[in-house]
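The values are calculated or read from the model by the stated rules, or taken from the named source; none is laboratory data. Model, not experiment: these values are computed from the prediction. Note that each Cβ is placed from the backbone with ideal geometry, even for glycine, and that neighbours are counted across all protein chains shown. Remember, those area values only see protein heavy atoms, side chains included, never the ligands or the DNA or RNA. Shrake-Rupley method; radii C 1.70, N 1.55, O 1.52, S 1.80 Å.
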Amino acid sequence: MKYDIVIIGAGPAGLSAAVYARRAGLTVAVLEQNIYGGQIVNTPEVENYPGVGRQTGVELAMALYNQAADTGADIVLEGVTEVRLQQDPKVVVTTGGEYEAGAVIIANGAKRRLLGCPGEDTFSGRGVSYCATCDGAFFRGKEVSIVGGGNTALEDALFLANNCSKVYLIHRRDQFRGSKILVDAVVAKQNIEILYDSTVEEVTGSDKVEAIRVRNKLSGEEQSLPVSALFVAVGLAPENSLFTDQVELSEAGYIKAGEDCCTSCDGVFVAGDTRTKELRQIVTAAADGAVAATAAARWLDTH
Ligand code: NAP
């Protein structure tokens, strides 16, 4: 299969790139290994994407998908297993076959970071969860905990508080990283108890999660909280091992690029959370998609 542009990832960045590339008259394949929409499908409510008011993450994902599909982009559910980016044409190998491309846009997003404490792995899927929207309903009426201090942890704590009897929000510092509007809402919520300067040391239970051991970093005191679930919301990490040696990565593993979305490899562009950038938001991911597709179209014109 041969396309002008192959886009890796069907989140807001990849789908926006597809729209712009199709409007430039190019043939486009978008390859996605998991689920269209990327991380936003795990977001209970999106209220800061301009022009659309409040929507669930799934609704926004569907709208992005439909818009890209309507332009005529081929959106394919196949995971990428290998890339050969430094040749012409470039080759992207997937679980379903081989794609040749004039230019490639990497928009594979970032993955959830693990907490790394004892018991996290053992109880994963049995009370330890990385998606409050997906799993919160299983713990209706119960006491649960969530760890993290960013927008995800704050939004998810609010979501859980509407379903669960009590939510312990555990953050390792005394200041949240997330937006003030969410911090204020969390602080005002009666059934959320915030444990600042605290870390989760261990998840315990027999068959499923029964408690977590939490340590206050200042006093050194430890306590066991009897909860049915631990939601982990400690941020994102890039997964770019496929591209090592072909495009330059930062020390943290993000693909190095500026606002022009150009990578160190000719004809390879990058959009969204997977690149080095200041602000990882849906709107900046979508903007990157537009920039990357336009840059790729120009590059194809001259090569
Ligand atoms: P994030 O902003 O990177 O926050 C991660 C949080 O986890 C930080 O508070 C961090 O603590 C904490 N953390 C990291 N490693 C930890 C560890 N090992 N143990 C305990 N705590 C740990 O990640 P995010 O909340 O997933 O958000 C990702 C991006 O999406 C951000 O840019 C965010 O703004 C954006 N987002 C936006 C919205 C929205 O605008 N509505 C919603 C969700 C996400 P420190 O603060 O001490 O570093």
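Some points to look at:
- Among the candidates G25, G51, G37, G11, the residue that is over 14 Å from G289 (Cβ atoms) and either within 16 Å of the ligand (Cβ to nearest atom) or in the same structural domain as I181 (by TED's automatic domain parsing) (or both) is uniquely G51.
- Looking across R177, R172, one residue alone is in contact with a strand residue (DSSP E or B) (Cβ under 6 Å, 6 or more places away or on another chain), open to solvent by 60 Å² or more (accessible area, probe 1.4 Å) and within 20 Å of G235 (Cβ to Cβ). It is R172.
- For the stretch 247-303, filtering for residues that are part of a strand (DSSP E or B) and more than 16 Å from the chain's Cα centre (by Cα) leaves 4.
- Summed over the stretch 142-157, the residues that are within 11 Å of the ligand (Cβ to nearest atom) and touching a Lys or Arg at 6+ places or on another chain (Cβ under 7 Å) give a count of 2.
- Some residue of the stretch 260-276 being closer than 30 Å to T94 by Cα, in contact with a Lys or Arg (Cβ under 6 Å, 6 or more places away or on another chain) and either within 16 Å of the ligand (Cβ to nearest atom) or in the same structural domain as A29 (by TED's automatic domain parsing) (or both): yes
- Count of the stretch 88-113 residues which are part of a strand (DSSP E or B) and over 16 Å from L77 (Cβ atoms): 13
- Among the residues of the stretch 186-230, just one is open to solvent by 40 Å² or more (accessible area, probe 1.4 Å), in contact with a Lys or Arg (Cβ under 9 Å, 6 or more places away or on another chain) and of a type in the set (G, A, S), namely S224.
- Some residue of the stretch 248-256 being without any contact (Cβ under 8 Å) to a residue 12 or more places away in the chain, away from the ligand (no atom under 15 Å from the Cβ) and surrounded by fewer than 18 Cβ atoms within 10 Å (Cβ to Cβ): yes
- Of V167, V234, V227, all but one fail to be in a loop (DSSP other than H, G, I, E, B), under 19 Å from L115 (Cβ atoms) and more than 13 Å from the ligand (Cβ to nearest atom); the exception is V227.
- Long-range neighbours under 7 Å by Cβ, at least six apart or interchain, first residue in a helix (DSSP H, G or I) within the stretch 3-32, second aromatic (F, W, Y): L15/Y65
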